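The values are calculated or read from the model by the stated rules, or taken from the named source; none is laboratory data. Since we're looking at a predicted model, the values are computed, not measured. We place every Cβ from the backbone using ideal geometry, glycine too, and count neighbours over all the protein chains shown.
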Amino acid sequence: MGIIMKGTEVARAMKEQLKQETEQLRAQGVFPQLTIMRVGARPDDLAYERGARKRMELVGIECNVVELPEQISRQELEEAVRKVNGDPKVHGILLFRPLPPHLNEEAVIHLVDPAKDVDGMNPENIAKVFSGDDSGFAPCTPQAVIRMLEYYGIELQGKRVTVIGRSMVVGKPLSMLLLKKHATVTICHTRTVDLKETCRNAEILIAAAGSARMVTEEMAGTGAVVVDVGINVDPSGQLCGDVDFDAVEKKASYVSPVPGGVGSVTSSVLAEHVIKAAKMAAGKRA
Ligand code: NAD
């Protein structure tokens, strides 16, 4: 039976450190602040927003939400982003995506000030992740996977790591973060021919495909570390990951559940990034 990697435990451990850091900043007159920008009211966004607000409050970060109508024009949205960019009290901006189809997401992403882009969407931050430069912000979910592996003491250097998924939100940036930790990374996707074999050969297998329970027992190597990033709803309406947890748990040395896994660490990483942004802004003013 594998050890269950509990995201809530990782988040609890991070909370203490983050609280200390915000207290130090407050003592210096710096009040870390996150602004969430939400267009419309998608249930996923609202759920994440609730979790993020709670997490910010727990660690001493001020959090406010700019709610924008679903029918907002591109110009109005760009104006709203510029306004938050220019507000010196705001250290971090989280813009929920996907945006409604009539808005040009690419253009808006380019607009978010890279120094406040705490979910690593702006091409400037993505370029930093790809060049191994720590001075920017990686997207929170891939960074949460790294925090989880660190918390459980999983060594990455020289390890065969397979990532299923090559999106710009999870798979690709995660692969770059793993490479920076000197892992030997294989990226799989829908056109991968020998998926089963490539997964079974991995010492660490990370699933970010968005396909309910696609990682079966035979795809996990004996003793492998299996991290599940997927969030899916199965045909019976149950929330589940990309990993067939019950089957894989028997073979793996470590396995992360859904819910209660990587998703529970993401908002802590968001808080970590807001604090980093606040420190950077304070450093610039000093
Ligand atoms: P995406 O659809 O943009 O990308 C999925 C990737 O997986 C693609 O590159 C595709 O080629 C690959 N893929 C899909 N099915 C596959 C298959 N059967 N075999 C091999 N490769 C396959 O999705 P995404 O935005 O990268 O998100 C991936 C999953 O992670 C989703 O379930 C999403 O809900 C979840 N997610 C979780 C969090 C979190 O906080 N835990 C955050 C973001 C995304």
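Within segment 113-164, being among the charged types (D, E, K, R), surrounded by fewer than 23 Cβ atoms within 10 Å (Cβ to Cβ) and closer than 24 Å to GLU79 by Cα holds for ASP113, GLU124.
For segment 132-159, taking the residues that are in contact (Cβ under 8 Å) with a residue 60 or more places away in the chain and hydroxyl-bearing (Ser, Thr, Tyr), the one that is nearest to the ligand (Cβ to nearest atom) is identified as THR141.
Out of the residues in segment 29-75 that are part of a loop (DSSP other than H, G, I, E, B) and of a type in the set (D, E, K, R), which is farthest from LEU103 (Cα to Cα)? Filtering segment 29-75 for residues that are part of a loop (DSSP other than H, G, I, E, B) and of a type in the set (D, E, K, R), the one farthest from LEU103 (Cα to Cα) comes out as ARG42.
Residues are listed down the side, and each one gets a yes or a no for (1) touching a residue at least 60 places away in the same chain (Cβ under 8 Å); (2) more than 22 Å from LEU178 (Cα to Cα); (3) assigned by TED's automatic domain parsing to the domain that holds ARG55:
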residue: ALA207; (1), (2), (3): no, no, no
residue: ARG213; (1), (2), (3): no, yes, no
residue: GLY221; (1), (2), (3): no, no, no
residue: ASN232; (1), (2), (3): no, yes, no
residue: VAL243; (1), (2), (3): no, no, no
residue: ASP246; (1), (2), (3): no, yes, no
residue: LYS250; (1), (2), (3): yes, yes, no
residue: SER256; (1), (2), (3): yes, no, no
residue: SER268; (1), (2), (3): yes, no, no
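Do we have LEU25 as within 25 Å of LYS83 (Cβ to Cβ) and touching a residue at least 40 places away in the same chain (Cβ under 8 Å) here? Against the criterion (within 25 Å of LYS83 (Cβ to Cβ) and touching a residue at least 40 places away in the same chain (Cβ under 8 Å)), LEU25 qualifies.
How many residues does segment 1-22 contain that are touching a residue at least 60 places away in the same chain (Cβ under 8 Å) and over 30 Å from GLU217 (Cα atoms)?
6
Where in segment 160-268 are the helices (runs of 4 or more DSSP H), entirely inside, with at least 1 residues that are within 9 Å of the ligand (Cβ to nearest atom)?
Those helices (runs of 4 or more DSSP H) span 171-180, 195-200.
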